[in-house]
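The values are calculated or read from the model by the stated rules, or taken from the named source; none is laboratory data. Bear in mind the structure is a predicted one, so any value in this text is a computation, not a measurement. FYI the Cβ positions are ideal-geometry reconstructions off the backbone, even for glycines, and counts take in every protein chain you see.
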Amino acid sequence: MASAGLGLSAVFGPATFCAVTGGSRGLGRSIAVLLAERLGEGSRLVLTGRSLQGLQETKRQVEEKCPNQLEVKLVTADMGDSTAYPALFYDIFADTGPGAFQNALIIHNAASLGDMGKKAAEHFDPEILNKYYATNLTSVIALTAKFMEVFSGSNVRRTVVNISSAVAVEPLRHHALYSSGKAARNMFFKVMAEEEPDVRVLSYSPGPMATDMLQTVRSCGDKKVEDRFNAMESKGLILSPDASAKHMCTLLEEDKFKSGAFLDVFGRFSL
Amino acid sequence: MDVPTLSAVKMAEGGEGWTHPFSKRKSLCVVTGGSRGFGRSVAVALAEEVARGSHIVVLGRNSESLRDTEKLSKAMSPHIQITTLFGDLSKCSVTGSIFACLRFQVDPTDYDHALLVNNAGSVGNVSRRTWEHGDPQELDSYFNLNVASAVSLTAKFLEFVRPGNLTCTIVNVTCDEAHRPMKCHSLYCAGKAAREMMFRVMAQEEPHLRILSYNPGPLETELKTTVMVEAADAEVREEIRRLRDDNQLIDPDVSARKLVLFSQKFL
């Protein structure tokens, strides 16, 4: 049930544990700063990312905007290294004993594009493919499992957000790894929504945003891909990550989405 | 051009007088997961249709079962070559060694057409719910077998046959679960969704290739029996049981023949 005035809601109310992966820049940073304003007393924001410097800047922005005393914890992490998961997950979920939190929210935002220079038929090396899926798929599944284990029981309201992409459903040249990984994640979370009706599960397509990731995509060397994003830019469809983060937060706060749904910032699809 | 996804239950048979293009062309075919089940049925169905002088390579994990696949295929046609290769696609080194081995036995310039059927796969541990998949090594191994190996094998296959300048058909064996979430099947759904998307991107990038995602329908194979017995969710077990009891599980041989029929419509 939403509370008035301060923008707090059942999702972001008091005593919310919130983890955002890939929080050192781009959309992750925007999400962290936006959510921080909405987290109530006794909440904790955990940010993971590869760059400590980036995480520290996000934390600085959070503390600048956030009027409440919010505990912010930074965890440097490389999601591609599965041997480091036990230590990483320990750090993320430390001090989350029973009764510590009423709400738990995890935003799976960290992602990589993979080698955009390779076409699908040029992916000869299974080790490179495996590394990609370890970073973008296995890590998300294993982290979700840990999240569910830590916050098991019906007294904690749990929300899982999968930051996805339009290419999860629309194939795009040079995006073989990225689109297949996102397609896999979308299906995984749809199954999760079926199995766990008490968990709010959302796959969110944030749209093309002015981030380092989009820069990489636009310089992949494929004219059709470049043309696509140039056309989007000329129509004013390249969003700021803040705008996209705001739309995502609105979806969470309104809390009307069907669990497991895949929703797009522009409403291009609702699957 | 998007990749057609066909379902065995929707395909029509060719009409009277229709000839099988396969019978006119020497084909080099590779079928993975051919020790049993649908892969075996595909190998046998291909053996029935391909032209004299064709070569079918069957990859599998069980040597004894592979020999049975070989016998059944050879019984279809004495005029073709059957090669069986033992290999576990969940191990990274295997995709490379397959073609290293074939290089000594197969010259792609001897053939008119090349066909790869990416069938090998597993359903994953259906006794686990989504949130119980906490072992990263198990997850990595699953996606290696079910996604990475199919992609790298396809890349290596295309590279292998390139000197022959052959027409190439790539088949991705898929299923309903690539699009329909099913309890206890989180990894299977994820893996099949990843594969389908991977091949759809490939189809965009390689317009000269014929790429087909084929849904064989719910088959009467060990995979379904495993789910019927081991799935954590009673409704899932019951659904399979009902399909079996109502004779709605499809004979893999029938489905395999439809796949072969349709593959030829591309030619």
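Things worth noting here:
- For the residues B:Lys224, B:Lys183, the requirement of being surrounded by fewer than 24 Cβ atoms within 10 Å (Cβ to Cβ), charged (D, E, K, R), more than 10 Å from chain A (Cβ to nearest Cβ) and touching a helix residue (DSSP H, G or I) at 6+ places or on another chain (Cβ under 7 Å) singles out B:Lys224.
- So A:Lys256, is it closer than 23 Å to A:Gly117 by Cα and not aliphatic (A, V, I, L, M): no
- Of all residues in segment B:99-119, exactly one satisfies the criterion of being buried (at least 22 other Cβ atoms within 10 Å of the Cβ) and out of contact with any helix residue (DSSP H, G or I) (no Cβ under 7 Å at 6 or more places or on another chain), namely B:His113.
- Counting only residues that are without any contact (Cβ under 8 Å) to a residue 40 or more places away in the chain and outside any helix (DSSP H, G or I), segment B:123-155 holds 2 of them.
- Restricting the search to helices (runs of 4 or more DSSP H) fully inside segment B:166-263 and requiring at least 3 residues that are in contact (Cβ under 8 Å) with a residue 40 or more places away in the chain gives B:186-205, B:222-230.
- Selection from segment A:15-42 of residues that are free of Cβ contacts under 8 Å to residues at least 40 places away in the same chain, in a loop (DSSP other than H, G, I, E, B), of a type in the set (Gly, Ala, Ser) and over 25 Å from A:Ile141 (Cβ atoms): A:Gly40
- Scanning segment B:81-93 for residues that are of a type outside the set (Gly, Ala, Ser) and modelled with pLDDT of 90 or more returns B:Gln81, B:Ile82, B:Thr83, B:Thr84, B:Leu85, B:Phe86, B:Asp88, B:Leu89.
- Only listed residue being of a type in the set (A, V, I, L, M) and either facing chain B (nearest Cβ under 10 Å) or in a helix (DSSP H, G or I) (or both), chosen from A:Ala104, A:Ala110, A:Ala145: A:Ala145
- Single condition A:Lys246 does not satisfy, out of (1) more than 14 Å from every other protein chain (Cβ to nearest Cβ); (2) touching a Pro at 6+ places or on another chain (Cβ under 7 Å): (2)
- Some residue of segment A:113-124 being within 20 Å of the chain's Cα centre (by Cα), more than 13 Å from every other protein chain (Cβ to nearest Cβ) and crowded, with 18+ Cβ neighbours inside 10 Å: no
- Within segment B:150-179, restricting attention to residues that are acidic (Asp, Glu) and within 11 Å of chain A (Cβ to nearest Cβ), the residue that is surrounded by the most Cβ atoms within 10 Å (Cβ to Cβ) is B:Glu177.
- Residue within segment B:121-139 that is within 12 Å of the chain's Cα centre (by Cα), buried (at least 22 other Cβ atoms within 10 Å of the Cβ) and either more than 10 Å from every other protein chain (Cβ to nearest Cβ) or within 20 Å of A:Ser139 (Cα to Cα) (or both) present: yes
- Failed item, numbered, when A:Ser152 is tested on (1) more than 21 Å from A:Gly28 (Cβ to Cβ); (2) more than 8 Å from chain B (Cβ to nearest Cβ); (3) buried (at least 24 other Cβ atoms within 10 Å of the Cβ): (3)
- Residue in segment B:197-208 that is among the aliphatic types (A, V, I, L, M), more than 14 Å from chain A (Cβ to nearest Cβ) and crowded, with 17+ Cβ neighbours inside 10 Å present: no
- Within segment B:106-120, if we keep just the residues that are in a loop (DSSP other than H, G, I, E, B) and under 17 Å from B:Gly87 (Cα atoms), the residue that is farthest from the other protein chains (Cβ to nearest Cβ) turns out to be B:Asn119.
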